[in-house]
Structure formats: structure tokens, C-alpha cells
């Protein structure tokens, strides 16, 4: 790092909260703060009770009475986003911001308006593609409107930035196909603080939930449609045929009751209700203890252009993992995970069974998964690469040689 910078990080979401993207943003900005940067996070008024150190938060005003955290589109979000443009401009002016860093599509749009209004360069981290997620929320109807909006955002938003940071090779290819200049892209993966997953008591959650010595397969995170929980439940039919007392432990963070009704009905129809346990919403600090209790951890989502953050959690915890090809960014089959074909509950089930039958394979894959996450998803390395992008856009904008801030 050549000098400390003043960074306006746009987190257009409840923040900090206990799920994927906001969790990754939280870890990145905290490390940036430790590296000496002045990090100003512009974000929503909604949050979880999760510690956040070394950064300054700038929240927009609350609109409406609901304080419940919802993943995906809501009626409140456009009003929050509009406020964030004004808040961003205030932060840029007051704190002499050097660079804007937008996360997610809304962050790219908000950052672009800040760039135009205040003349600061914009770095945009592309975490996913809208076409893979927006239509699945069933928020915009009829569905073809959601598809059209997703396609427009996929085309336009990356072009608004001075530099784009896609988080996977698949997203690089996606952006190149959309005509984005490869010279204005740098692949930088998301990272994770592995320390919170070390040396956790594997019996703690087994005692708490009376699991005994049952084989435990775990899933953590959202239950939204795009996660394909239906595949995981169908896979358990295969598992129970070999291990009648196996338990699928579903640890949710933000749970919609309609989702529980749907998946419980599916389990009942398959006659495996006794083999699936849905917890209530659990806080972030408990996740390492749940993972320590598990024999196998599963990601069932087949279409994921980015990196499922739950996967990084599993790897940091040293879990033996089963996942489809579409979610296997950075993993090698039979080295640090069992990678199975996409859209195949049967393949997921066979992968789980193979791991439950082979304790030595579970141990080897888990150890290698921990090694992979420590080597390839280090937050220190990731933030160093982001610093290089900042310096590149600042040099291009003519601001790279400014005097350091006092």
C-alpha cells in the first residue's frame, strides 16, 4: 500500500448482517481499516447485532415501520438507495474521499451517480449476475419484466465503473461476453477470517439439539428458491436408504415461514421428516459450533456465478463438502470436496453417502479444504489486490500522487 486512502464503500443492504454478501463486505472493510485506510461505509438503517471494527458507518433514514431483515428485493430498498446517493455525496465532500467502492448492482448504480456528481473514480465489485437471481425472487411481476431488468443491469452496470472486480472466473467470462473491456477487470475472490472457526467443541451443538451420534449433514444459510433446497431434501432420500438415522440439520439465518411449510411438506411426502431438523434463526457466532458438529456439509445451489460464502465457512471449519459444479469455484473434486453434476439430487445424495461411509476421506477432504481457504481466500492477500486496483484507478484519474491525508 503506497498511502492510506479515504474510501467510500457502498453496501446497499442491511449491514452488518449474518449472511453471504454483507458478511464478506464486513470482513473486507474491517481488514482495510486495519491496513490504515479510512473506510466509510454507506448503508441501510437495518442491521444485526454483529461487531464491526475500524470503519465508520453512515446510515440512511429508516422508511416504514418494519425492521425485519429480508434478503432480496423489497418495497423499501429503492427509497434507501435514493437516499444513499445523497449520503454518498455528503461523505465524499466531508471526508475528502479518494475512491468509491460499490458492492452489488445497487452499489454500482449509486457509485456511478456519486462519480458523476463528485468526480471520484468508481471501483465496482461484481458478486453475481442479476439474471441468475432477480427473477427467482418473484418480486417483480410478470416475470418477463424481471428478466428484462436483470439483462439490462447485467449489461449496463459494469460499464459504469472505472474498474470492475469480478469474484470468479465465471463472472469474468460473463462480463467479457457482455462486452466489458478485460483491461478494466481484475479477478479478486471474496475472502474469510478463518480464526472464528478454529478449535470449536464438536459436541456442543450435538448436546444442545440432542443429536447423539447420528450422522449429521449440515446446510447453513438462506432457504430461498435459488439455493435449491428441494434438491437437498430429495438427496436425503438417497442418504436415508443407506443411513436410516442420518440427520439433515438446516441452520437458517433469515427464515420465511412459507419456506418452512414448503420444505416440511416435501420431507413429509418423501417420508423423511424424522431425518430433517430446521433450527430457528441462529446468530453468526453459533455457526462455527454447528459446523464443528457436522460430518458432512452441503451446498445444493447449482447456478452460482460467484462464490457461496457458506462454502468458505465450511472450508474454514474443515468440513467434508459435497457441492455441484456450479458452486465449486476454487475447489478440486476429491481433493478438497466431492464435486457432483449440477441439478442432480441423486448425485448429491451419492456424494453424501460416500463421505459417511469413509471417515478417512472425510478427514482428508476437510483438511485440504481448510488449507485451500487459507491459501487462496486470505483476506490479507485480497485486500492487497484491492489496494492495487485503487492505485491503478487513481493514477488513471490523475489523483494518484496526492499528498497523504493527515
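In table form, for the structure just shown:
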item	result
Residue match in region 137-147 (condition: in contact with a helix residue (DSSP H, G or I) (Cβ under 8 Å, 6 or more places away or on another chain), within 22 Å of residue 309 (Cβ to Cβ) and buried (at least 18 other Cβ atoms within 10 Å of the Cβ))	no
Meets criteria (crowded, with 18+ Cβ neighbours inside 10 Å, in contact with a strand residue (DSSP E or B) (Cβ under 8 Å, 6 or more places away or on another chain) and not assigned by TED's automatic domain parsing to the domain that holds residue 285) for residue 21	yes
Residue ID - nearest to residue 96 (Cα to Cα), chosen from residues in region 24-37 that are in contact with a strand residue (DSSP E or B) (Cβ under 7 Å, 6 or more places away or on another chain) and crowded, with 24+ Cβ neighbours inside 10 Å	37
Any hit, region 271-288, residues being within 22 Å of the chain's Cα centre (by Cα), closer than 23 Å to residue 359 by Cα and part of a helix (DSSP H, G or I)	yes
The listed residue being closer than 25 Å to residue 192 by Cα, touching a strand residue (DSSP E or B) at 6+ places or on another chain (Cβ under 6 Å), without any contact (Cβ under 8 Å) to a residue 40 or more places away in the chain and surrounded by fewer than 21 Cβ atoms within 10 Å (Cβ to Cβ), out of 368, 333	333
Hey, residue 300 closer than 17 Å to residue 346 by Cα and either at pLDDT 95 or above or not assigned by TED's automatic domain parsing to the domain that holds residue 342 (or both) or not	yes
Selected residue (only one of 90, 76 is surrounded by fewer than 18 Cβ atoms within 10 Å (Cβ to Cβ) and more than 18 Å from residue 9 (Cα to Cα))	76
Qualifying strands (runs of 3 or more DSSP E) (wholly inside region 1-111; at least 3 residues being over 18 Å from residue 161 (Cβ atoms))	38-43, 56-59
Residue match in region 53-70 (condition: in contact with a helix residue (DSSP H, G or I) (Cβ under 8 Å, 6 or more places away or on another chain) and at positive phi)	yes
Residues satisfying the stated conditions in region 169-187, i.e. in contact (Cβ under 8 Å) with a residue 60 or more places away in the chain and under 14 Å from residue 307 (Cα atoms)	169, 170, 171
Elements of type helices (runs of 4 or more DSSP H) contained in region 147-256, each with 2 or more residues being modelled with pLDDT under 95	169-177
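The values are calculated or read from the model by the stated rules, or taken from the named source; none is laboratory data. Note that the structure is predicted; figures quoted are calculated from it, not measured. Note: ideal-geometry Cβ built from the backbone for every residue, glycine included; neighbour counts use all protein chains shown.
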